[in-house]
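Have a look at the structure below before the remarks.
Where a number appears in this text, it was derived from the coordinates with a stated rule and is not lab data. As the structure is a computational prediction, the values presented were derived from the model and not from experiment. Cβ coordinates were reconstructed from backbone atoms using ideal geometry, including for glycine residues, and neighbour counts include every protein chain displayed.
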Amino acid sequence: MSTQTFRQRLRSGAPVVSSFIKTAHYQPVEVAGAAGLDAVVIDAEHAAFGSGDLDACLMACRAAGVAGLVRVPDTRPATLLQVLDMGAAGVLVPHVRTAAQAAEIVACTRYVQGVRGFSNSARAGGYGAVPMREHIAQQDETVSVLCQIEDEEALAHLGAIAAVDGVDCLFVGRADLSVSLRTFDLDSPAVARATRAALGAAVEAGKAGGIFLGETASVPEWRAAGASFFVIGSDQSMMRAGWRQAAQQVRAAL
């Protein structure tokens, strides 16, 4: 993505490969960048990230040349502001249910057409080196907003959410969606229909469709359904799978 910002790549519909970072340390981020991922999603919703951990991981994203997104734990303006000032390329926002909610989230990430509090003194503003107008223009142009679709209520508003100016991606969270639909099965027909509906709404609105997958075998299927932003596993799941394979192979050999 050397000639494109993350947002440009995301909105282009080109495949983007990412993974969750659930370990509150900068080294997995560096490894992800060295491995060739396009982006990482730092999971501050389900993992134990403090503000210092987020800051170090987002600094590591820049050092490793990988786009750093943050899955935020809530939609408070202060939460969104903090991670953007730290230099996040965007935010993945859980449980977006309506277009009005999506519009409020976007407003918190924008200066000119929103209510984002101004500061150029943090990493995003070059620690004060980027002039005010330049910082505002750059941030408004490059910050991505990805809305996570994971509630039954959201399924009635997919088109409206995708149509909100500033929403860049509808990202399907099939686990929570399966709980909301009371199927408790990621592969149930109801979850599959809802996932395809969300991806289709994103594509129809000219936005990206995103999905989390625990493996890569089903990537072609979901790519055909409209997904272009793929979050594959996490640092923890990759480490667990690798260690399990190594242990099994050693025991089998001996």
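If I ask for residues that are in contact with a Phe, Trp or Tyr (Cβ under 9 Å, 6 or more places away or on another chain) and closer than 11 Å to ALA208 by Cα, which ones from the stretch 6-32 would you list?
Of everything in the stretch 6-32, those that are in contact with a Phe, Trp or Tyr (Cβ under 9 Å, 6 or more places away or on another chain) and closer than 11 Å to ALA208 by Cα turn out to be LEU10, PRO15, VAL16.
Could we say that SER234 is among the polar types (S, T, N, Q) and within 19 Å of LYS22 (Cα to Cα) here?
Yes, satisfied.
In the stretch 166-183, which residues are β-branched (Val, Ile, Thr) and not in a loop (DSSP other than H, G, I, E, B)?
Residues satisfying the conditions are VAL172, VAL179.
Please work out if VAL191 is touching a residue at least 40 places away in the same chain (Cβ under 8 Å), crowded, with 17+ Cβ neighbours inside 10 Å and of a type in the set (Val, Ile, Thr).
No, not satisfied.
Give the stretch 184-212 a look and list any residue that's touching a strand residue (DSSP E or B) at 6+ places or on another chain (Cβ under 7 Å), closer than 12 Å to GLY173 by Cα and either of a type in the set (Ser, Thr, Tyr) or not in a helix (DSSP H, G or I) (or both), or say none.
Matches in the stretch 184-212: THR195, GLY209, GLY210, ILE211, PHE212.
Taking the conditions exactly as written (out of contact with any helix residue (DSSP H, G or I) (no Cβ under 9 Å at 6 or more places or on another chain) and among the aliphatic types (A, V, I, L, M)), does ALA39 satisfy them or not?
For ALA39, the condition - out of contact with any helix residue (DSSP H, G or I) (no Cβ under 9 Å at 6 or more places or on another chain) and among the aliphatic types (A, V, I, L, M) - is not met.
Can you find, within the stretch 60-109, the residue that is nearest to the chain's Cα centre (by Cα) among those that are among the charged types (D, E, K, R) and crowded, with 18+ Cβ neighbours inside 10 Å?
It comes out as ARG71.
Output the number of the condition that GLY125 fails; it satisfies all remaining conditions of (1) of a type outside the set (A, V, I, L, M); (2) more than 20 Å from LEU69 (Cα to Cα); (3) crowded, with 18+ Cβ neighbours inside 10 Å.
All conditions pass for GLY125, except number (2).
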